[in-house]
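Scroll down for the structure; my scribbles are underneath it.
Computed from the coordinates by the stated procedures, all read-outs in this text should not be read as laboratory data. Just so it is clear, the structure is predicted and the values come from calculations on it, not from any experiment. For neighbour counting, all protein chains shown are included, and Cβ atoms are generated from backbone atoms with ideal geometry for every residue, glycine included.
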Amino acid sequence: MLLEMKVSGLTIDPITNTPIVILKDLQESKAIPIWIGLFEASAIATELEHVVFSRPMTHDLMHELLKALDVTVSRIEIVDIRNNTFFATVYLERDGQAYRIDARPSDAIALALRANASIFVEEVVLEKSRNIDFGIKLSDIDKFKEDKIKEFLENLSAEDFGKYKM
């Protein structure tokens, strides 16, 4: 079963420093985090914040190409997780003909935002996402955080304190 979702926001995984896009269902009762690349996070963030560049970025170019060819992005679906990797499909339409294109979820989401297309997630993906192996044991997290805090504090310089107003 498919659930319609929306981009709720972007955050950074504190353990891996990897961007995460958060999708929530329309009732905001279910959410799913999807780890994405930095460039894709930037593409999603710029669209969410309505940032316009003087030259088209990759996802803007893709959207403009589709429009020029009279192709509509009808929806995207995040359809599976295999080996901790998410899979998506972009659904396109042109002259009554439908096309399915395999895509990374981050690219599909960036394109869907530009095309005002609906974002759907298979319910099985929500279930599978609860069992993602992050490659770190819970007992290691406290030690990791402690080491990161020590590293951050040790690398602070006097100039760092003047950067932020209190």
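Before moving on, here are some points about what is shown:
- Every residue from region 3-38 that is surrounded by 14 or more Cβ atoms within 10 Å (Cβ to Cβ) and in contact with an Asp or Glu (Cβ under 6 Å, 6 or more places away or on another chain): L3, M5, I20
- Within region 118-134, considering residues that are part of a helix (DSSP H, G or I) and not polar (S, T, N, Q), the one surrounded by the most Cβ atoms within 10 Å (Cβ to Cβ): V125
- Some residue of region 39-47 being of a type in the set (D, E, K, R), surrounded by fewer than 19 Cβ atoms within 10 Å (Cβ to Cβ) and within 20 Å of the chain's Cα centre (by Cα): no
- So D70, is it over 14 Å from the mean Cα position of the chain (by Cα), surrounded by 12 or more Cβ atoms within 10 Å (Cβ to Cβ) and farther than 14 Å from L111 by Cβ: no
- Residue pairs meeting the criteria (Cβ under 8 Å; at least 6 apart or on separate chains; first at negative phi, in region 1-12; second hydroxyl-bearing (S, T, Y) and assigned to a strand (DSSP E or B)): E4/S118
- Extreme residue, nearest to R130 (Cα to Cα), among residues of region 74-99 that are hydrophobic (A, V, I, L, M, F, W, C) and either in contact with a strand residue (DSSP E or B) (Cβ under 6 Å, 6 or more places away or on another chain) or free of Cβ contacts under 8 Å to residues at least 12 places away in the same chain (or both): F86
- The number of residues in region 100-117 that are touching a residue at least 24 places away in the same chain (Cβ under 8 Å) and either of a type in the set (S, T, Y) or surrounded by fewer than 13 Cβ atoms within 10 Å (Cβ to Cβ) (or both) comes to 1.
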